[in-house]
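What follows is a single structure, written as structure tokens, with notes after it.
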Amino acid sequence: MALRRPGNEILHLIRGRTSIPILILTLILCTPLICPAQVQVRLRVIQASNVGANVDPSLRDLHKELGSLFNFTSYRLVRDQMLSLSPNQPAALPVHEGRSSIEITQVGSQRNIVELKVRIKRDGTDILNTQVRLSPGRTVLIGGPKHGEGVVILGLSVNF
């Protein structure tokens, strides 16, 4: 009669009984609520300058954050757009008479955080290339390139 080692019994139990629970756990963890296949991104393009002291009324929700991060007296909303992003599928928006574009790509996600790659190109050359991590209900502000008498600031928020 062959002796059974305790380790063999454990391996037999693991092989026979845990494959189904592991499969179920994997399916649960990768549902769209946790691993979103598509996210809604709100992109706000803001013109900031020291000409005047006006804050666009549509930026009131960001006014304190803008003032604490940037040293400008005037903030004007130039564009407010919703984008539906699928993983690794960039969305490009032409700006400034087609010479420049903003490209946003969903490059990763885990639980309630989405990672976005943000690029601004001017005449085919990257002038901004960064990645941000966002959770629903949060907004990130990215200081961008000079524009006119000020700069462009990108405001990004996500829903999924």
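Each value in this text was obtained by applying a stated rule to the coordinates, not by laboratory testing. Here the structure is a predicted model, which is why all the values come from computation and not from measurement. Positions of Cβ are generated from backbone atoms using ideal geometry, with glycine treated the same way; all protein chains shown enter the neighbour counts.
Taking the charge dipole of the range 39-159 about its Cα centre, with +1 at Lys and Arg Cβ atoms and -1 at Asp and Glu Cβ atoms, the residue from ALA48, SER68, GLY98 reaching farthest to the positive side is SER68. Dipole magnitude for the range 39-159: computed about the Cα centre from +1 point charges on Lys and Arg Cβ and -1 point charges on Asp and Glu Cβ, it is near 200 debye.
Which of rounded, prolate, oblate describes the range 116-160, given a ≥ b ≥ c as roots of the alpha-carbon gyration tensor eigenvalues and a/c under 1.5 marking rounded, otherwise prolate only if a/b is larger than b/c? Because a/c hits 1.5 or more and a/b fails to exceed b/c, the range 116-160 counts as oblate.
Is the C-alpha gyration tensor of the range 39-159 telling us rounded, prolate or oblate? Criteria: a/c under 1.5 is rounded; beyond that, a/b larger than b/c is prolate, otherwise oblate. It comes out oblate by the Cα gyration axes. Where does the charge balance sit around SER101 when Lys and Arg score +1, Asp and Glu -1, over other residues with C-beta under 9 Å from its C-beta? Around SER101, the charge tally is +3. Mind checking the range 90-155 for GluC sites (Glu not before Pro) that DSSP puts in a loop (not H, G, I, E or B) and that have at most 15 other Cβ atoms within 10 Å? Filter output for the range 90-155: GLU97, GLU149.
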